[in-house]
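*Asks:* My structure is below; once you've seen it, I'll send some questions.
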Amino acid sequence: MNATYEEILPGGAMWSMRIPRAREVRLTAMAAGANVSALLYHAENPLDRLNVPDTLKALHTAKLTRGHVLMSDMGRALASIVDDSLGWHDPLGGHSTRESVAAAFGSRTYQDARNEFFRNARDNFLVELAKSGLGIADIVANVNFFSKVVADEAGRLSFLPGHCPAGATVSLRTEVPTLLVLANCPHPMHPAGGYPRVPVRVGIFPCEPPGPDDACRLFRPECARALALSERDLL
Amino acid sequence: MSTLNYQESERDKAAAVLSHVIPAGDGWIHQIRCGQTLRIVDLEGNQAADTFFFHADDLKERYSAQDTIREQGALYLTTGTRLMSNLCRPMLTITADTCGRHDTIGGACAAESNMVRYALEKRFMHNCRDTFLLQMALSGLPLTKRDLSHNINFFMNVPVTAAGSLKFEDGVSEPGKYVEMRADMNVCCLISNCPQLNNPCNAYNPTPIEVVVWD
């Protein structure tokens, strides 16, 4: 199906959009090693926003993949992961800052490098959120699409380089009108070296809202209840 | 389970400047000055203490679970953990811990998350977020739901496996276990003594906790 809308986010880019209910948002890594830090808000009430702990404990998971429902702190399904070629997206590592980027990759300013300067997810979030009247208080725990962070038995965390091949995709279906905010910036645990700059394509497609036998609805009873709470908005 | 990090404190309660028992299901909001030490005592065992910190001089700076676990490179909180803010600055440092492991990725219970996790009919049960919202509203401080992000669950056990699964297990805490932390900046501490009855985080029997502060 042709995308209703398509745009390629260069490495380092920021992006946000208000997306109606029942759209598929497909992210595609145009090269290996992508990371997209993401925040989601209910477009009509941004106080109703992605809650990573609520999502993880409802799904009994510390990773995100197909079938999972990204939940708000008001119990709503904001978006469901309807397709995923990778099997693991990171909900733990947080997002890069000016300081973390400088520590890992060095500093390259706009004056040095024009639009190739080293951007970071925090500054990108602040700019995109400001366009919707939001600010630092609205930056909660984010997810990192295309990245994998594992914990060992003692809880020690490690980032897995090489997790994301070129062409990797993940697709979200919006379950409420959603403000989606993306920062195509390196993962904050990415090993030091060259600043990774991986273009990511965003495509938005029409899709059906979830029916009674939808795979995400049936994934766990918690997913069905979160979808039911989102559907109460339609009463 | 491994690497429980046991560390006793030598502090004498007789020298404390404040001690207060928070009944099950109740809350507490209090300023801890830079250099003061806060102890939270699990008086009867297996009781989750859902806790937030704000920078008292700039309430927009607040505890960040993701920054804390990434900066220490580990999921669980214990002695030596620096509790980091959303500006990635140390807010407090855990200096003693006789429980050995605390959670910060499980979040706090809320009416709505109880509906999702257990049943839509659970809406009307008491929950941590209601306590947080009420404490913030009564405090007179300019704190609202917008300022609530992701908290610490002292005394709670939420193990994660290498395969990426997560579960709420029986607590590893026991009567009298405590965790102690030194404030590295002036902080506003907000605690909900968790009333959750739907999972084992309070052993299905919420009980009081005690907070003790030393200069």
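Nothing in this text is a laboratory measurement; each read-out follows from the coordinates by a stated rule. All values reported here derive from a predicted model rather than from experimental measurement. Note that each Cβ is placed from the backbone with ideal geometry, even for glycine, and that neighbours are counted across all protein chains shown.
*Asks:* Tell me, what are the semi-axes, in whole angstrom and largest first, of the equivalent ellipsoid of region A:109-167 as set by the roots of 5 times the Cα gyration tensor eigenvalues?
*Replies:* On the way: eigenvalues 154, 76, 27 Å².
They are 28, 20, 12 Å, listed from largest to smallest.
*Asks:* What ranking do B:174-186, A:164-176 get when scored by the average of other Cβ atoms within 10 Å per residue, highest first?
*Replies:* Details: B:174-186: 19.6, A:164-176: 21.2.
My ranking of the peptides, most packed first, is A:164-176, B:174-186.
*Asks:* Provide the net charge surrounding residue A:30, with neighbours chosen by a C-beta distance below 14 Å and charges set as Lys +1, Arg +1, Asp -1, Glu -1.
*Replies:* The answer is +1.
*Asks:* Can you check what the Kirkwood hydrodynamic radius comes to for region B:1-155, Cα pairs only, in Å to one decimal? List each step's numbers first, then the result.
*Replies:* Working: mean 1/r = 0.0596 Å⁻¹.
So the Kirkwood estimate lands at 16.8 Å.
*Asks:* Now a separate question. Taking every residue in B:116-127, how many Cβ atoms of other protein chains lie within 10 Å of its Cβ, on average? Please list the in-between numbers first.
*Replies:* Working: counts 22, 12, 4, 2, 5, 0, 1, 1, 0, 0, 0, 0.
That average works out to 4.
*Asks:* On to the next question. Within 10 Å of each Cβ of A:49-55, how many other protein chain Cβ atoms are there on average?
*Replies:* On the way: counts 3, 0, 8, 6, 14, 10, 3.
For peptide A:49-55, the averaged partner shielding equals 6.
*Asks:* Note down the Stokes-Einstein diffusion coefficient of region A:1-139 in µm²/s, whole number, using a Kirkwood radius over alpha carbon pairs, 4 °C, and 1.567 mPa s. Don't skip to the end; give the middle numbers.
*Replies:* On the way: Rh = 16.7 Å.
Value of D from the Cα-based Kirkwood radius: 77 µm²/s.
*Asks:* If you don't mind, another one. Could you work out how far the C-alpha centroid of region A:1-69 sits from that of region B:172-192, in angstrom?
*Replies:* 35 Å
*Asks:* Kirkwood hydrodynamic radius (Cα pairs, Å) of region B:68-215?
*Replies:* Across region B:68-215, the inverse of the average 1/r is 16.6 Å.
*Asks:* Separate question: Let me confirm one metric for peptide A:132-144, namely the mean number of other chain beta-carbon atoms within 10 Å of its residues' beta-carbons. List each step's numbers first, then the result.
*Replies:* Numbers: counts 0, 0, 1, 2, 5, 11, 3, 3, 8, 9, 1, 0, 1.
So the per-residue partner count for this stretch is 3.
*Asks:* Pull up all non-local amide H partners of residue B:46: gap of 5 or more, or a different chain, and H-to-H distance under 5 Å with H placed in the peptide plane.
*Replies:* Correct list: B:173, B:174.
*Asks:* Determine, for each peptide in A:21-30, B:27-36, the mean count of other beta carbons within 10 angstrom over its residues, then list the peptides with the highest first.
*Replies:* Details: A:21-30: 20.0, B:27-36: 17.0.
Per-residue Cβ counts within 10 Å, averaged per peptide and sorted highest first, yield A:21-30, B:27-36.
*Asks:* Round to a whole angstrom and tell me the spacing of the C-alpha centers of region B:25-49 and region A:113-148.
*Replies:* Centre-to-centre (Cα) distance: 33 Å.
*Asks:* Sorted by mean Cβ packing within 10 Å, highest first, what order do the peptides B:121-127, B:89-95 take? The partial results should precede the final answer.
*Replies:* Details: B:121-127: 15.6, B:89-95: 19.7.
Per-residue Cβ counts within 10 Å, averaged per peptide and sorted highest first, yield B:89-95, B:121-127.
*Asks:* If I model a spin label at residue A:111 and residue B:33 as a point 7 Å from the Cα along the Cα→Cβ vector, what separation in nanometres do I get?
*Replies:* My value for the distance between the label points is 4.2 nm.
*Asks:* Additional query: Kindly provide log₁₀ I(q)/I(0) values, in the same order as q = 0.21 Å⁻¹, from the Debye equation applied to equal alpha-carbon scatterers of region A:124-235.
*Replies:* Scattering profile of region A:124-235, log10 relative to I(0): -1.32.
*Asks:* Please report, to two decimal places, log10 I(q)/I(0) for region B:129-215 at q = 0.11, 0.17, 0.24, 0.26 Å⁻¹ as given by the Debye formula with identical point scatterers on the Cα atoms and no solvent.
*Replies:* Reported log10 I(q)/I(0), two decimals: -0.41, -0.96, -1.35, -1.38.
*Asks:* May I pose another question? How many angstrom lie between the Cα centre of region B:50-129 and the Cα centre of region A:166-216?
*Replies:* After rounding, the separation between the Cα centres reads 26 Å.
*Asks:* Let me ask something additional. Residue by residue, what Karplus-based ³J(HN,Hα) values in Hz, rounded to whole numbers, does region A:33-46 have, using 6.51, -1.76 and 1.60 with θ = phi - 60° and x for Gly and Pro?
*Replies:* With the stated coefficients, region A:33-46 comes to x, 6, 8, 10, 7, 9, 10, 10, 9, 5, 5, 8, 7, x Hz.
*Asks:* Ok, one more. Which trypsin sites (Lys or Arg not before Pro) does region A:91-146 hold that lie in a coil by DSSP with at most 16 other beta carbons within 10 Å?
*Replies:* Working: sites: A:98, A:108, A:114, A:119, A:122, A:131; in loops: A:108, A:119, A:131.
Answer by residue number: A:108, A:131.
*Asks:* Treat the protein assembly as shown as a sphere of radius equal to its Kirkwood radius over Cα pairs and apply Stokes-Einstein at 4 °C in a medium of 1.567 mPa s; give the translational diffusion coefficient in µm²/s, rounded to a whole number. Mind dumping the intermediate values first?
*Replies:* Working: Rh = 22.1 Å.
The Stokes-Einstein estimate is 59 µm²/s.
*Asks:* Kirkwood Rh and Cα-based Rg: tell me the resulting Rg over Rh for region A:5-232, rounded to two decimals. Don't skip to the end; give the middle numbers.
*Replies:* On the way: Rg = 16.7 Å, Rh = 17.6 Å.
Using Cα coordinates only, the ratio equals 0.95.
*Asks:* Using alpha carbon coordinates only, what is the Rg to Rh ratio of region B:113-157, with Rh defined as the Kirkwood radius?
*Replies:* Working: Rg = 12.6 Å, Rh = 12.3 Å.
Using only Cα positions, Rg/Rh for region B:113-157 is 1.03.
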